[in-house]
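Okay, structure first, notes after.
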Amino acid sequence: MSIRILPDHVINRIAAGEVVERPASVVKELVENAIDAGATRVEVATAGGGKSLIRISDNGCGIREPDLALAVERHCTSKLPEDDLSQIGTLGFRGEALASIGSVARLSILSRHAEEPHAWQIAVEGGRRSETVPASHSGGTQIEVRDLFFATPARLKFLRSDRAEATAITEAVKRLALAHPEIRFTLSGSDRTTLDLSAARGESGALERMAQILGAGFRDNAMPIGGEREGVLLSGYAGLPTFNRANSLQQFIFVNGRPLKDPVLAGALRAAYSDVLARDRYPVLALFIDLDPADVDVNVHPAKMEVRFRDPGMIRGLIIGTIRDALAREGFRSASTGGLATLDALRDRAAAGSFTRPPEPGTSPAWRSWADPAQTVAPDVSSAAYGASPEAEAPRPAMAEAGFAEALSAFAVLDRPSADARAHVQPAPEHLLARPLGAARAQIHENYIVAQTGDGLVIVDQHAAHERIVYERLKAGLEGRAVQRQMLLIPEVVELPEEDVGRLLARSDELAEIGLVVESFGPGAVAVTETPAILGRVDAPKLVRDIADDFAEWDASTRIRERLDHVAATMACHGSVRSGRRLRPEEMDALLREMEATPQSGQCNHGRPTYVELKLSDIERLFGRR
């Protein structure tokens, strides 16, 4: 078959297959046009999940009559100054969207420019364009898209249900609304509940818009993010590690106002939170990267959802470093939702009448106090594991326990001294009550420390808290000196493709700094002569192949450092205070003080909270006192 030029209508439909993937793609392109037009109000209406109807109305600058016919032609745009693809300052720039949509649907554009006496209208149906005619419209632009893919019915089979497509449209609008809090967005239609995002301005406008979309809880559990490197600015808000989700749907990243789903940036987020989140949990955040348009290529993906940075390593480092700085600054905080969830659980159980009854005669309470001065022992807070001394491990008799050994009625038990009452014989020191985690008052179930603060109480998971403290100590040791290496008696020879060997040898000095020494062993192999001592016995071939894969994918490797961190986390888990270990009062207070001084102590190495705080006012409301 000879080569021929495809007809225009086929070319347009092929282009539409790249740009118009689903109804949400149409909404994204048209809302971006409205934003580029300077709109302060954008209204979106849909029906049938966008398959039957999409209507976008804005109060932007509008389109002049001579430009309206050109607007629906391919590769016609007003947004590319001097045809310079390196200076793209708008969301749209290719001039493909309207032509592509008009080739597969029934498209109608009604627009009035501020300098013209009336509006003009044009229609495109399956690629066939009508004449431009006068019309009535107050100002701005209204675009209607009906019967999407009627001209390419095979594409309809690949669309999902109306509900799923409507949800995708909602997510597309939310992404754009996050980047532009100064614009009011309204989303309505017969296939959805109306969403009205009012404009938010001022210094707190961005956070207010995030709260509108990510939930009110985000406002109380977000850390401000701010950093700059080589002219690249990073800003936004990121959630505390304990404020996390089971998927990445609430992660939003914008580059020069453009919402992206970029694997390089996603990898940077995972690395930034690697110390404080389990691998199956994801932080909630909205970050904005602003840089010179010449340093980023936005023309590498048909839907403009991915970009290519001139220096991706610098961008990755900026994200990781800035987020980790914020975590170190505010990592002591734990999500406020923890205490609220605890109160909700207590209310639910109280309403259901499912609390257990007081202890039966002859039993001991499940918690202990140290009010008896005879039990006081000299503190030993220098140990890496609190309570490691034999005295701490041995059970201590409580003065009140003898009374429980007698066969008494439940009421009689309440009339006698109890361990609960003796917890307050020695008042808590005022200077400790003023500390963030307060003064330790009791240990319950031999794992949870109850501390009293000036305006509430704190419950601490002693194992999770000390695990974080020990882990941070180990990491500080790794950062403070060169990683010790162990020499292999017999070098491990690892066969690899020549290009992987070249990448490894090019970074051999860098690898040696973190304890891995590799040498050339012919054109298709390397010899491993030394490995990090902290790793102990290691599968050197597997480790080297993983690093080679990292170099091939990212041109940088964090594999060994991640391995070291993982080993440090494992050591911290085994070397920290175990659940079930009885602690002395001095040890409990010492643990609280170290938590206050340790970065990221609000969560353990797996992203779980180390403590829950309950305000006295909330507790009083729980009992109907307020």
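Using 0.36 nm per residue and subtracting the Cα-Cα separation, the extra length available between Glu430 and Met305 on full extension is 39.4 nm. Once the C-beta distance of Ala199 and Thr77 is scaled by a Förster radius of 25 Å, the resulting FRET efficiency is 0.35 to the nearest 0.05. Residues whose amide H lies under 5 Å from that of Ala442, counting only those 5 or more places away or on a different chain, are Val450; hydrogens are built 1.01 Å from N in the peptide plane.
For the pair the stretch 251-287 / the stretch 488-502, the C-alpha centres are spaced 34 Å from each other. Legend: residue pairs Lys28/Lys174; Lys28/Lys304; Lys51/Lys79, Cα-Cα distance threshold 21 Å; pairs beyond threshold, Lys51/Lys79. Legend: ranking of residues Leu489, Leu516, Leu249, Leu195 from fewest to most surrounding C-beta atoms inside 10 Å; resulting order Leu489, Leu249, Leu195, Leu516. Approximating the spin labels as points 7 Å out from Cα along Cα→Cβ, the Arg329-to-Ser188 distance works out to 4.2 nm. Extension gain for Arg128 to Glu510 (0.36 nm times residue separation, less C-alpha to C-alpha distance): 131.4 nm.
Here, each number is a calculation from the coordinates, and none is a lab measurement. For clarity, every value in this text was computed on a predicted model and none was experimentally measured. For neighbour counting, all protein chains shown are included, and Cβ atoms are generated from backbone atoms with ideal geometry for every residue, glycine included.
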